[in-house]
1. Return the percentage of antiparallel bridges among DSSP beta bridges fully within the chain, rounded to the nearest 5 %.
2. Please go through the residue pairs K16/K138; K178/K251; K219/K251; K98/K178; K111/K138 and name each one whose alpha carbons sit more than 21 Å apart in this structure.
3. In the P(r) worked out for the range 65-168, what percent of Cα pairs fall beyond 23 Å?
4. If the cut-off is a Cα-Cα distance under 18 Å, which aspartates and glutamates reach K186, setting aside same-chain residues fewer than 8 apart in sequence?
5. Residue by residue through the range 141-147, what is 3J(HN,Hα) from phi via Karplus (6.51 cos²θ - 1.76 cosθ + 1.60, θ = phi - 60°)? Round to whole Hz and write x for glycine and proline.
6. What ranking do 69-81, 215-227 get when scored by the average of other Cβ atoms within 10 Å per residue, highest first?
7. How many Å³ per residue does the convex hull of the Cα positions in the range 160-236 occupy?
8. Which three extents, in angstrom, do the Cα atoms of the chain have along their principal axes, listed largest first?
Amino acid sequence: MIKWPFKKKNKAPEFKTNLIALAEVDSTNSYLRQYTPATDENMTVVSADFQTAGRGQGTHTWESERGKNLLFSILTHPITMPLRSQFILSEAGALALKEVLDTYTDDISLKWPNDIYWKNRKLSGTLIETSIAGGHIKNCIFGIGLNVNQQTFESDAPNPVSLFQILGHEVDRESLLKQIITAFTKYHEMAVNGQHGDISARYHEALYRRHGFHAYEDKDGCFEAAIVEVGDDGLLVLRDQEGRFREYEFKEVKFIN
Ligand code: BTN
């Protein structure tokens, strides 16, 4: 296990991030759920070359070829944030990934709630797990799987794509991770400092399918609708072709291609 503490300059009080790089682990999210940070540690990042039990959203698993991609989780302690602001943290994390990925390629968007898409294909997924104390967010774990250098996908994940497939060459995973941590720190601080309007505006601007009517499916069947907004509570609001508003929690509606 390599420990690489680094400190962000020109900040008062000093913001300390600890990066732990592992060759293999069951799941980087599960690792951080058991982890006790040092008292002066604001943010902990654990990355792994391979996960034996990588977890996706809901009951899904997250598969990734050994040593090819980025598999990492970021633990923060946004204790001043009330539980109802939880979705802003999710938006901030997604925006950080987009800001970095925009420097590699065009056509990056944020598929509600926090997938990163390139065109119509999934480049990255995030699993967020929070723990609460007194109505506030005590710990927040952002678990991110980003397809970097994998050339073929054999799992049944829908529409996966990697940076290698987009760019036609390998990308240095270590420097990509450092770029993401820097961007994540910036957006996370914006969220904690209450810049919610700014974050929400940028999130909406970056949304996949933010313009026009597209196909969706809910428990009653398929329909065409346009995105109206994503509420502060994270609910997706659609307007169908009859002008009816439909509101969904995650997993209640599917995007159909
Ligand atoms: C999704 O289903 O889209 C979310 C996938 C999240 C996968 C990442 S990989 C690093 C971290 N550790 C896990 O076990 N899951 C997340």
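1. Working: 55 of 65 bridges.
About 85 percent, rounded to the nearest 5.
2. Working: K16/K138 17 Å; K178/K251 31 Å; K219/K251 10 Å; K98/K178 14 Å; K111/K138 27 Å.
From the list (K16/K138; K178/K251; K219/K251; K98/K178; K111/K138), the Cα-Cα distance tops 21 Å for K178/K251; K111/K138.
3. On the way: 1681 of 5356 pairs.
It works out to 31 percent of all Cα pairs.
4. E14, E41, E91, E99, D102, D198
5. Taking θ as phi minus 60°, the curve returns 10, 9, x, 10, x, 10, 6 Hz for the range 141-147.
6. Numbers: 69-81: 22.0, 215-227: 13.9.
Ranking the peptides 69-81, 215-227 by packing returns 69-81, 215-227.
7. Values: hull volume 11.5 nm³, N = 77.
Taking only Cα atoms, the range 160-236 has a hull volume of 150 Å³ per residue.
8. Reported extents, whole Å, longest axis first: 56, 44, 32.
Coordinate-derived values only; no laboratory data. Because the structure is predicted, anything quoted here is derived from the model rather than measured. Cβ coordinates were reconstructed from backbone atoms using ideal geometry, including for glycine residues, and neighbour counts include every protein chain displayed.
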